[in-house]
Each structure stands twice: as C-alpha cells, then as structure tokens.
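Here the structure is laid out as structure tokens; the discussion comes afterwards.
The values are calculated or read from the model by the stated rules, or taken from the named source; none is laboratory data. Given the structure is predicted, the values throughout are model-derived calculations rather than measurements. With ideal geometry, Cβ positions are generated from the backbone for all residues, glycine too; neighbour counts draw on all protein chains shown.
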Amino acid sequence: MDVIVRDIQTGNAGVSKVGFIVPKFPTDSLSASSIILAAKLENMEAGAAIGPFVIGTTKVIPNLSGVYRRGQPIGVYLQVYNAATDQTTLRPAADAEYVLLKDGREVGKQIEDWRQINDAGQRLTLTRLIDSRNLEPGKYQIQIRIRDHVSGQTITPEASFTVGR
C-alpha cells in the first residue's frame, strides 16, 4: 500500500510504502474479522455508490481512539465467516450476544438472534449501536459471543473502549 501525503501550501509530498499480510480464514471453521469500534454506523441504500468507509451496505466511520463521551452511541461492526448453513432454512443458524464488561464483570448484554443477522453468502455482518447514557466513566470491554448452531462452534472476539465524562 502506498500512502501519499502532500502539503497543500508548498506542494511538497512524501510517499510511504507499507506492506501487510491479509489474514486467511480457514473455510471449515467459524471465524471473524476484528471488531471495528465506530463513531457512526449508517445503513446505505442497496446499490449505493462505493465510497470511503463503506463496507458492503454499511458506512462505518471508525473511532480510532476508542474513547466515547457519555451519551454518545458506541458503534460495533464485525463480519463473521464460515457459519454453517441450516439445511431446512438454507440460511446460517447463528446467534450473537453482545456482552459489556467493566473490571471483568458483566454489566450488560444484548442478544441478536440469527434471523436478524444480515447474511451475504459465507459472511454475516453484525452491526450494533450500544447506548452509553447509563455507563459510568471508565474502561470497558465488549465481547461478541457468536454461536453456530449447525456446527456447534463458538468464537468470542473482543475489543476495549473508554467512556469519558
């Protein structure tokens, strides 16, 4: 990847070449992307133009600092790969629990049934806005416990964030 930075006053520019390895997900086991903590999640119209921060049909504005003001919604975006297909419905049979932890203790939980999960072939997309109005300032962890009811596999990706005043 080439990153180009240009000073609009002087016209001076710099280029940095950065390489990275794209992870491979085994096709026979449930897996997930990293959790993206978002400042904003916006559902785009089907067929909307591709643009910055658009992943599939969702515009995901990341919160790179992981710090939210109290009352600001905490956006969570995650893609799940290789969920097995239920042969009776021909859809994935998976569910997700969003578990909020503070100091290692569970302080909240939201459940998403597999029928509500947006599926696109071999990928399930999970998006959620978590209300922070009742959260005390401090450090938190979000765990997303994903269960595939067909294969019996479970994964639990997690991310940390901070709620300020």
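Can you tell me which residues in region 24-58 are of a type in the set (Gly, Ala, Ser) and part of a loop (DSSP other than H, G, I, E, B)? Don't jump to the end; show me each part of the working.
Just the residues of region 24-58 that are of a type in the set (Gly, Ala, Ser), to begin with: 29, 31-34, 38-39, 46-49, 51, 56.
Residues satisfying the conditions are Ser29, Ser33, Ser34, Ala46, Gly47, Ala48, Ala49, Gly51, Gly56.
Meeting the requirement of 2 or more residues that are crowded, with 17+ Cβ neighbours inside 10 Å and either on the phi < 0 side of the Ramachandran plot or basic (Lys, Arg) (or both), the strands (runs of 3 or more DSSP E) wholly within region 59-165 are 74-81, 94-102, 123-130, 138-148, 158-164. Residues that are touching a Ser or Thr at 6+ places or on another chain (Cβ under 6 Å), touching a residue at least 60 places away in the same chain (Cβ under 8 Å) and within 22 Å of Arg145 (Cβ to Cβ) do not occur anywhere in region 20-31.
Out of the residues in region 33-58 that are at positive phi and under 17 Å from the mean Cα position of the chain (by Cα), state the one that is modelled with the lowest pLDDT.
Within region 33-58, the first condition is being at positive phi, and the residues that meet it are 47, 53, 56.
Those left that are additionally under 17 Å from the mean Cα position of the chain (by Cα): 53, 56.
On the way: Phe53: 85, Gly56: 77.
Of everything passing the filter in region 33-58, Gly56 is modelled with the lowest pLDDT.
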